[in-house]
Each structure stands twice: as C-alpha cells, then as structure tokens.
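J.: First the structure, which I've put down as structure tokens, then a few questions once you've had a look.
Each value in this text was obtained by applying a stated rule to the coordinates, not by laboratory testing. The structure presented is a predicted model; accordingly, all values stated were derived computationally and were not measured. Every residue, glycine among them, receives a Cβ derived from its backbone with ideal geometry; neighbour counts consider all protein chains shown.
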Amino acid sequence: MVKPVEHLIAAYDDPTGVNAAFNLNLLGRINRELHGNFDLRRFEHLIRYAPDAQRIEMHLRSRVDQTVRVKKARLVVDFAMGETIWTESCHKFHPEQICEMARTAGFHLEAQWVDQEWPFAESLLVAV
C-alpha cells in the first residue's frame, strides 16, 4: 500500500542489510550459474522512490568504472561509475486502486482486509 516515503525507504533499505544482501545475491547467482565475474564489492544497494509511478525501485550501483563478463550468456558489459542495474520494482497502491485494477482485468473484488497499523492490504479476487 502507499505509505509515507520515509517508511518505504526505511523498509527497503533496512539497517540490518537484509535487502542489500538479497539484491546483491542476484549478481552472485549470475556468477555461479552463468559463469559471470561480477565483483560484488564493486556494487552497492540503492533504493529510489518514483512518486509518479508509486513505486520503490531497487538498484545495484557500480562503485567504479568496470567491465563484467557473463560467459554462458556471451555477454560483456561496461559499467560507468554510478551506473545502475535496476533489479526490482515494488508498486504501491491505495485500496481503491486495487479494486479498479481488478475490475479492469476482469475480476471482482470479493473481499479486502486492510491492516491500518502496518498498513498492508490482502485482496480476494474472483474472475467474472
């Protein structure tokens, strides 16, 4: 659900580093599964909020100019310092937007439970 920006940033850029480790794990998997040579120390976890799109974006930002190879994909990528890899989008909605999107997609909103304390919504959709 849509929340104050500072709450969203704090949730996705948590002080324990769980989200950063999860995000950097993408590069580790590329290294293991596709024989890449990403040096994870040369990237940092970055969170952005795009207010017009109501979304949190997770990026990995290159700390230096570098060239990375992904052998199984026959891919060579040059990264400039500060350039990012956009790894994830987390869209946030108001409860009424969920209802409208469901209707547009051919679903009926059967029920919706909203936890105002956290705030979080669960929606039960039925195809019409």
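J.: Let me know the charge dipole size of the chain about its Cα centre in debye, to the nearest 20, where only the beta-carbon of Lys, Arg (+1) and Asp, Glu (-1) is charged.
T.: Value, rounded to 20: 860 debye.
J.: Sticking with this one: Which of Ile9, Ile56 comes first, and how do the rest follow, when ranked by fewest Cβ neighbours within 10 Å?
T.: So the residues, fewest neighbours to most, are Ile9, Ile56.
J.: Relative to the longest principal Cα axis of the chain, at what angle does helix 95-104 sit, 0 to 90 degrees, rounded to 10?
T.: Approximately 90 degrees, to the nearest 10.
J.: What does the net charge come to around Leu27 if you take all other residues with beta carbon closer than 15 Å to its beta carbon, with K and R at +1 and D and E at -1?
T.: Summing Lys and Arg as +1 and Asp and Glu as -1 gives +4.
J.: Here's something else I'd like to know. Which distance in Å, rounded to a whole number, links the C-alpha centroids of the range 67-128 and the range 43-63?
T.: One Cα centre to the other: 14 Å.
J.: Give the lysines whose C-alpha is closer than 20 Å to that of Lys3, dropping any in the same chain fewer than 8 places away, or say none.
T.: Lys92
J.: With a Förster radius of 25 Å, plug the Cβ-Cβ distance of Val2 and Glu83 into 1/(1 + (r/R0)^6) and report the FRET value to the nearest 0.05.
T.: 0.30
J.: Add -39500 (n - 2.57) for each DSSP H run of 4 or more in the chain, then divide by its residues: what number comes out at 222 nm, to the nearest 500 deg cm²/dmol?
T.: Only helices count here, giving -8500 deg cm²/dmol.
J.: Next up: Tally Lys and Arg at +1 and Asp and Glu at -1 over the other residues with C-beta under 13 Å from the C-beta of His7: what net charge comes out?
T.: Computed value for this residue: -2.
J.: Roughly how many debye, to the nearest 20, is the charge dipole of the range 78-123 about its Cα centre, given +1 on each Lys and Arg Cβ, -1 on each Asp and Glu Cβ, and no other charges?
T.: The calculated dipole for the range 78-123 is roughly 160 debye.
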